[in-house]
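Structure, as structure tokens:
We did not get these values from a lab; they are worked out from the coordinates using the rules stated. For clarity, every value in this text was computed on a predicted model and none was experimentally measured. Note: ideal-geometry Cβ built from the backbone for every residue, glycine included; neighbour counts use all protein chains shown.
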Amino acid sequence: MLQIYNTLQRQKETFQPIVPNKVSMYVCGMTVYDYCHIGHARVMIVFDMVVRWLRASGYEVNYVRNITDIDDKIIKRAVENQESIAQLTQRFIDAMHEDADALGVLRPDHEPRATHFIPHMQKMISGLIEKDLAYQADSGDVMYSVRDFPPYGKLSGKSLDDLEEGNRVIIAGDKKDPLDFVLWKSAKEDEPEDTRWKSSWGVGRPGWHIECSAMACELLGTNFDIHGGGADLQFPHHENEIAQSEGISRVFDDQGQSSDPRYVNYWMHNGHVRVHNEKMSKSLGNFFIIRDVLAKYDAEVIRFFILRAHYRSPVNYSDATLDEAAQGLERLYVALTDIDSNQSFELILSWVEAFTAAMDDDFNTSEAIAVLFGLATEANKARQQNDLKAYQSLAYTLKHLAGYLGLLERSTQQFLQSGDLTMSAAAIEVLIEQRAQSKKNKDFAKSDAIRQELLLQGIILEDQAGGVTTWRKN
């Protein structure tokens, strides 16, 4: 049985979908005003892994990951660039898709853009006002009245009193309470025309938190199975989502007592990517753009680096940790050297069960990858012992299970020869043939010189049984 750590309950729980064999899942996506960084890559890869495993487990998954295409940062960048909001956001949506595709991230079933759901947000805001959970401030902004939603803080574990201690400043004429947050922002005179929508409260645009509530409820309903995102979104974003989405569904009985139907059954949050033990973020300036990292490292190495840690654990990013990941991934690929990728062999049930147990334990990819390394070790032993049948089953089981994580989907040769080369593959093969001829002629000095020449170009030669020589990138 699949167990998921539910942030709301602060414990692992047996997963029971609302509708048998079907999963509704929403993940907070990107704010598209710049290129995605490795922190964004972790969100994309982690929940891609979750969806892959749910589907492999027999569930029909409806996966929604939104795009925030209107907010303060987007407006600021568009004004700086002297371009429209649509031009800016479409450029970075395209870049996000390029990065996600490179990392082997499958497209979500739905990818709603905030600007396409403005009417739904306005309808939700009107409903919150009707339930006395929102009000229009003197500034024109519409605010959510946090103290009128008593369960506020249940996801983050923060009490209203603790929150008030940290936020005592009230802006005169704006908020009734320092904890209240914005649902609708009144337009400012210096903001471009394409940032304004008409509403019952005047021209303006939605606040960030209402976007996800409206899109999730519209596409998945007012109660759905899984909501995911980075740990930094737990508060205040996801806390505010709960207040909005459960507040709008509030029902009063004859005694005036309210019932707040649950918005989400299982909350999942992935850990931070850290650099020198600090969270990676654009605000701290210590972030690494995905496409810059891809220029130096194979995309599958990045994916492996992220998945080899449990999704809830922080990971430390550096060239050293990526180099280590590259070595580990190479070790797995080398174990597949002598298997025909086009053939099917017998799966070894004990290894399948071990892998399944790891993944069913809150998607524990760290333990699952340990199973893959165990398989690689045994496959190499069988190959050394010339036990072809055992090797084929072990190697095939390794490749099959890794596929659930989006790993080992190329041939060993394709992986080892991937990346930028200083010379063409055809030129390398010519030198390998010249070296083979030199060895036949017993001109070992020339043979060694060719090996050394290739090594200086970052190419390692490996002589196999039967006189076959293969090559790979250093």
Any chance you could give the angle, 0 to 90 degrees and rounded to 10, that helix 239-248 forms with the longest Cα principal axis of the chain?
-> 50
Quote the Stokes-Einstein diffusion coefficient, in whole µm² s⁻¹, for the chain, based on the Kirkwood radius over alpha carbon pairs, a temperature of 25 °C and a viscosity of 0.890 mPa s.
-> 97
Checked against the positive end of the charge dipole of the chain (+1 on Cβ of Lys and Arg, -1 on Cβ of Asp and Glu, about the Cα centre), the farthest of 144, 105, 155 is 105
May I ask you to compute the full-extension gain from residue 462 to residue 91, defined as 0.36 nm times their residue separation minus their alpha-carbon distance, rounded to one decimal in nm?
-> 129.2 nm
How many nm separate the modelled label positions at residue 367 and residue 342, each set 7 Å beyond the Cα in the direction of the Cβ?
-> 3.9
With each run of n ≥ 4 DSSP H residues scored as -39500 (n - 2.57), what mean residue ellipticity at 222 nm is computed for the chain after dividing by its residue count and rounding to the nearest 500 deg cm²/dmol?
-> -13500 deg cm²/dmol
Taking one equal scatterer on every alpha-carbon of the range 35-103, how large is log10 of I(q)/I(0) by Debye at q = 0.14, 0.23, 0.27 1/Å?
-> -0.55, -1.04, -1.20
Honestly the range 3-273 on the Cα gyration tensor test (a ≥ b ≥ c root eigenvalues; a/c under 1.5 rounded, otherwise a/b vs b/c for prolate or oblate) is just oblate
Virtual paramagnetic centre 7 Å along Cα→Cβ of residue 194, amide N under 18 Å, in the range 22-37 = 31-35
So what's the angle, to the nearest 10 degrees on a 0 to 90 scale, between helix 85-102 and the longest Cα principal axis of the chain?
-> 40
For the residue 318, residue 295 Cβ pair and Förster radius 22 Å, calculated FRET efficiency rounded to 0.05 is 0.85
Set of the range 226-243 residues, backbone N closer than 20 Å to the point 7 Å along the Cα-Cβ line of residue 73 = 228-241
For residue 389 and residue 441, what does the FRET efficiency come to when R0 = 51 Å and r is the distance between their Cβ atoms, rounded to the nearest 0.05?
-> 0.80
Residues with beta-carbon under 13 Å from that of residue 95, excluding residue 95: net charge, scoring Lys, Arg +1 and Asp, Glu -1?
-> -4
Whole-Hz ³J(HN,Hα) from phi, Karplus 6.51 cos²θ - 1.76 cosθ + 1.60, for the range 378-389, glycine and proline x | 5, 5, 5, 4, 5, 5, 5, 8, 6, 8, 4, 5
Find out how many positive minus negative residues lie around residue 321, taking Lys and Arg as positive, Asp and Glu as negative, among other residues whose Cβ is under 11 Å from that of residue 321.
-> -1
Principal-axis tilt of helix 208-220 within the chain, Cα atoms, nearest 10 degrees = 70
Counting pairs of Cα atoms in the range 319-413, how many percent are more than 18 Å apart?
-> 42
Ordered by residue, what ³J(HN,Hα) values in Hz, to whole numbers, does the range 183-188 give under the Karplus form 6.51 cos²θ - 1.76 cosθ + 1.60, where θ = phi - 60° and Gly and Pro are x?
-> 9, 9, 9, 5, 5, 9
Whose amide H sits under 5 Å from the amide H of residue 184, counting only residues 5 or more places off or on another chain, with H placed in the peptide plane?
-> 142, 207
In which sequence would 7, 469 go, from the one with the fewest C-beta neighbours within 10 Å to the one with the most?
-> 469, 7
If 121, 96 are placed from fewest to most neighbouring beta carbons inside 10 Å, the sequence is 96, 121
May I ask you to list the lysines whose Cα is less than 18 Å away from that of residue 296, ignoring any residue fewer than eight positions away on the same chain?
-> 473
Length released on extending from residue 434 to residue 11, taking residue separation times 0.36 nm less the Cα-Cα span = 146.0 nm
Extension gain, residue 60 back to residue 110 (0.36 nm per residue minus Cα-Cα distance, nm) | 16.6 nm
Taking other Cβ within 10 Å of each residue's Cβ, how do 212, 36 sort, fewest first?
-> 36, 212
Under a cut-off of 20 Å between alpha-carbon atoms, report the lysines in cross-link reach of residue 175, not counting same-chain residues fewer than 8 places apart.
-> 131, 185, 188
Under the Karplus relation with 6.51, -1.76 and 1.60 and θ = phi - 60°, whole-Hz ³J(HN,Hα) for the range 147-162, x at Gly and Pro, equal 5, 8, 10, x, x, 3, x, 5, 6, 7, x, 8, 8, 4, 5, 5
Under 17 Å by backbone N from the virtual spin label 7 Å along Cα-to-Cβ at residue 381, the residues of the range 394-409 are 394-398
The FRET efficiency for residue 449 and residue 470, from their Cβ-Cβ distance with R0 = 30 Å and rounded to 0.05, is 0.95
Could you order peptides 441-448, 329-336, 409-416, 26-33 by the average number of other Cβ atoms within 10 Å of their residues, highest first?
-> 26-33, 329-336, 409-416, 441-448
